[in-house]
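Visitor: Just dropping this structure here.
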Amino acid sequence: MGIAEGFIDRLTQFLGPKGILTGPGDLEPYTVDWRKLFPGRAACVVRPASTKQVAEVVQICRENAVPIVPQGGNTSLAGGAVPDASGTQIVLSLARMAAIRSVDAIGLTMEVEAGCVLTNAQNAAAVEGRLLPVSLASEGSATIGGIVAANAGGVNVLRYGMTRNLVLGLEIVLPDGTIVNGLRHLRKNNAGYDWRQIFVGSEGTLGIVTAAVLRLLPRPKHSVVALLSVADPKSSLELLALAQEELGDQISAFELVSAASLNLVSKHSGLKVPVAAGEWFVLMEAASSLSGLKDGAEAMLGIAFEREIVLDGVIAESAGQASELWALREHVTECEAREGKSLKHDISVPLSAIPDFLRATGQALAAGFPEARVNAFGHLGDGNIHYNVLVDEGLSSEAITRIVHDTVASFGGSITAEHGIGQYRVRELARYSSPSEMALLSRLKHVLDPQGLLNPGKVLLR
Ligand code: MLT
Ligand code: ZN
């Protein structure tokens with residue numbers, strides 16, 4: 001089915017020239033994801049400047065039965081924010097709605113529009129001495145609407161939870177064009193169903209996030225960052241347990257990176273690894289406003305060396321050095337992309353099962369695909385590993401994913417811990433969920449979006 005005559009004209013008339021893009025060259029940045037794994041086409045890109053305009057665009061699309069793909073920074077790792085190849089969908093970019101409406105340093109909240117880039121929101125909180133703790137490699141492009149719609153994770157989930165835990169209020173445009181204003185700055189609110197949480201993580205399939213109220217925290221005064229090498233994943237779990245015993249919930253990040261991942265980083269970024277090689281590395285950060293954090297961390301590491309849990313390591317001596325250590329972790333995805341195409345597996349299993357999961361998956365892959373190159377790294381503290389496999393010539397993507405996801409299922413895990421389903425994992429979700437779970441998701445979708453116009457083909461097939 002083509003786009004109804006006059007549809008683009010009506011949008012142009014309503015939004016003005018700044019609010020719509022139609023030239024093929026202008027559309028490209030919006031129609032393909034940054035990894036270039038999901039190229040699509042769009043009838044046009046609309047760039048509304050207010051919630052009212054979003055609602056009006058939704059109405060116009062509804063009248064013309066045109067599907068809408070909401071988009072923030074286009075950093076989805078699951079093809080969640082780009083259109084399909086039909087050319088009959090439109091992209092609705094929230095980029096022009098980027099205002100930080102307020103930062104309440106006493107109430108520890110901020111109200112931000114959907115198109116605000118995460119780094120800008122973090123900085124606005126920092127100016128007031130507050131912390132917006134969502135932190136991801138793509139934070140310089142990812143937007144507030146996108147992280148809410150995707151329920152983004154990142155490196156601080158261990159201490160602060162997923163984005164879901166930080167969303168106090170939301171403003172949503174429903175698929176019928178209704179604006180629902182739930183921008184409350186409340187910590188406690190038990191009035192009725194908690195509808196916010198249905199939209200957090202719904203990946204733009206149930207409604208369009210136009211603004212959010214986020215929870216802030218006091219900004220810790222001190223932090224310690226260390227890069228440590230360990231012999232195996234089991235030792236990294238022992239280290240996590242020890243660190244939590246000794247430093248409590250001051251541990252804010254606990255990342256596991258394989259030697260193979262750091263080799264990719266050295267190869268493509270030239271960054272140097274300042275720790276003697278082990279098979280695995282842990283990058284950990286602790287933060288606190290109380291003094292004595294560094295002494296506590298050093299004492300903890302002393303015990304770890306004594307018990308031979310840690311083989312080698314460095315503690316950053318300055319903020320610059322801390323950033324250098326973090327850069328090694330943050331460059332993994334980019335350097336993986338430079339190495340070539342990869343199959344992304346964003347799995348989680350119960351924390352204590354991580355070593356067995358890594359062993360079982362490694363063995364199964366080695367048996368079926370001895371030449372497969374694994375790039376495993378991730379958020380160990382959350383039981384979340386990005387078990388990515390480089391897809392070299394002649395390897396069957398489907399068979400490899402089947403091995404990884406079947407192993408995940410055998411450990412009672414999830415096929416996506418933080419990246420979401422997008423279009424990448426639609427069939428996988430259906431495969432690994434129970435029929436009753438899938439029926440519940442479909443019913444929810446149908447109630448809110450009976451015409452199936454919001455981000456079709458993401459999360460659910462229809
Ligand atoms: C990360 O943790 O760096 C990203 O979520 C992972 C990825 O690229 O798979
Ligand atoms: Zn991640």
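Visitor: Give all pairs with beta carbons closer than 8 Å in which a residue from the stretch 419-433 that is within 19 Å of residue 69 (Cβ to Cβ) meets a residue that is within 15 Å of ligand 2 (Cβ to nearest atom) and part of a helix (DSSP H, G or I); count only pairs at least 6 apart in sequence or on separate chains.
Guide: 419/150; 420/150
Visitor: As an exercise: evaluate residue 197 against (1) in contact with a helix residue (DSSP H, G or I) (Cβ under 7 Å, 6 or more places away or on another chain); (2) in a helix (DSSP H, G or I); (3) of a type outside the set (A, V, I, L, M); (4) in contact (Cβ under 8 Å) with a residue 40 or more places away in the chain and give the number of the one condition it does not meet.
Guide: Of the numbered conditions (1) in contact with a helix residue (DSSP H, G or I) (Cβ under 7 Å, 6 or more places away or on another chain); (2) in a helix (DSSP H, G or I); (3) of a type outside the set (A, V, I, L, M); (4) in contact (Cβ under 8 Å) with a residue 40 or more places away in the chain, the odd one out for residue 197 is (4).
Visitor: Can you tell which of 302, 381 is under 26 Å from residue 246 (Cβ atoms) and without any contact (Cβ under 8 Å) to a residue 12 or more places away in the chain?
Guide: The match here is 302.
Visitor: Kindly provide the set of residues from the stretch 314-335 that are under 14 Å from residue 264 (Cβ atoms) and touching a helix residue (DSSP H, G or I) at 6+ places or on another chain (Cβ under 6 Å), ordered by number.
Guide: If the condition is that a residue be under 14 Å from residue 264 (Cβ atoms) and touching a helix residue (DSSP H, G or I) at 6+ places or on another chain (Cβ under 6 Å), then 328, 331, 332, 335 are the ones that fit.
Visitor: Sticking with this one: Checking the conditions here, which among 37, 11 is buried (at least 17 other Cβ atoms within 10 Å of the Cβ), assigned to a helix (DSSP H, G or I) and either over 25 Å from the mean Cα position of the chain (by Cα) or at negative phi (or both)?
Guide: 11
Visitor: For the structure I just gave you, tell me whether residue 3 is of a type in the set (Val, Ile, Thr) and in a helix (DSSP H, G or I).
Guide: no
Visitor: Going by the structure shown, is residue 358 more than 19 Å from the chain's Cα centre (by Cα) and either buried (at least 21 other Cβ atoms within 10 Å of the Cβ) or at pLDDT 95 or above (or both)?
Guide: Answer is yes for this residue.
Visitor: Step by step: first the residues of the stretch 114-158, then only those that are part of a loop (DSSP other than H, G, I, E, B), of a type outside the set (D, E, K, R) and away from ligand 2 (no atom under 16 Å from the Cβ), then the one that is farthest from residue 97 (Cα to Cα). Which residue is that?
Guide: 129
Visitor: If you check residue 113 against the conditions, is it of a type in the set (Asp, Glu) and without any contact (Cβ under 8 Å) to a residue 40 or more places away in the chain?
Guide: no
Visitor: Run down 214, 239, 206 and say which single residue is crowded, with 19+ Cβ neighbours inside 10 Å, modelled with pLDDT of 95 or more and assigned to a loop (DSSP other than H, G, I, E, B).
Guide: 206
Visitor: While we're looking at this one, here's another question. Restricting to the stretch 245-259, what's the tally of residues that are among the aliphatic types (A, V, I, L, M) and either without any contact (Cβ under 8 Å) to a residue 60 or more places away in the chain or surrounded by fewer than 16 Cβ atoms within 10 Å (Cβ to Cβ) (or both)?
Guide: 2
Visitor: Please specify each residue of the stretch 317-329 satisfying the condition of being more than 25 Å from residue 392 (Cβ to Cβ) and within 15 Å of ligand 2 (Cβ to nearest atom).
Guide: Selection gives 326 alone.
Visitor: Do we find that residue 327 is modelled with pLDDT of 95 or more, away from ligand 1 (no atom under 14 Å from the Cβ) and among the hydrophobic types (A, V, I, L, M, F, W, C) in this structure?
Guide: For residue 327, the condition - modelled with pLDDT of 95 or more, away from ligand 1 (no atom under 14 Å from the Cβ) and among the hydrophobic types (A, V, I, L, M, F, W, C) - is not met.
Visitor: Restricting to the stretch 43-72, what's the tally of residues that are surrounded by fewer than 24 Cβ atoms within 10 Å (Cβ to Cβ), assigned to a loop (DSSP other than H, G, I, E, B) and not charged (D, E, K, R)?
Guide: Going through the stretch 43-72 one residue at a time, the tally reaches 7.
Visitor: Is at least one residue of the stretch 337-346 more than 21 Å from residue 232 (Cβ to Cβ), in contact with a Lys or Arg (Cβ under 8 Å, 6 or more places away or on another chain), in contact (Cβ under 8 Å) with a residue 40 or more places away in the chain and within 16 Å of ligand 2 (Cβ to nearest atom)?
Guide: yes
Visitor: Evaluate the stretch 181-201: report whether one residue or more is of a type outside the set (Ser, Thr, Tyr), away from ligand 2 (no atom under 16 Å from the Cβ) and in contact with a Pro (Cβ under 9 Å, 6 or more places away or on another chain).
Guide: No: the stretch 181-201 contains no residue that is of a type outside the set (Ser, Thr, Tyr), away from ligand 2 (no atom under 16 Å from the Cβ) and in contact with a Pro (Cβ under 9 Å, 6 or more places away or on another chain).
Visitor: While we're here: On the given criteria, is residue 65 in contact (Cβ under 8 Å) with a residue 12 or more places away in the chain and closer than 30 Å to residue 130 by Cβ?
Guide: Answer is no for this residue.
Visitor: From 174, 228, 186, which residue is of a type in the set (A, V, I, L, M, F, W, C) and closer than 22 Å to residue 327 by Cβ?
Guide: None of the other options fit; the residue is 228.
Rundown of residues vs (1) among the aliphatic types (A, V, I, L, M); (2) at pLDDT 95 or above, yes/no style:
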residue	(1), (2)
12	no, yes
15	yes, yes
19	no, yes
36	no, no
43	yes, yes
53	no, yes
66	yes, yes
73	no, yes
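Visitor: Just to be sure, is residue 289 within 27 Å of residue 221 (Cα to Cα), away from ligand 1 (no atom under 16 Å from the Cβ), touching a residue at least 60 places away in the same chain (Cβ under 8 Å) and not aliphatic (A, V, I, L, M)?
Guide: yes
Visitor: Just for the stretch 159-179: of the residues that are over 22 Å from residue 287 (Cα atoms) and in contact with a Phe, Trp or Tyr (Cβ under 8 Å, 6 or more places away or on another chain), which one is farthest from ligand 2 (Cβ to nearest atom)?
Guide: 172
Visitor: Taking the stretch 214-259 only, how many residues are of a type in the set (A, V, I, L, M) and over 14 Å from residue 329 (Cβ atoms)?
Guide: 14
The values are calculated or read from the model by the stated rules, or taken from the named source; none is laboratory data. None of the values given here were measured: they were computed from a predicted structure. Don't worry about glycine lacking a Cβ; one is built from the backbone with ideal geometry, like all the others, and counts go over all protein chains shown.
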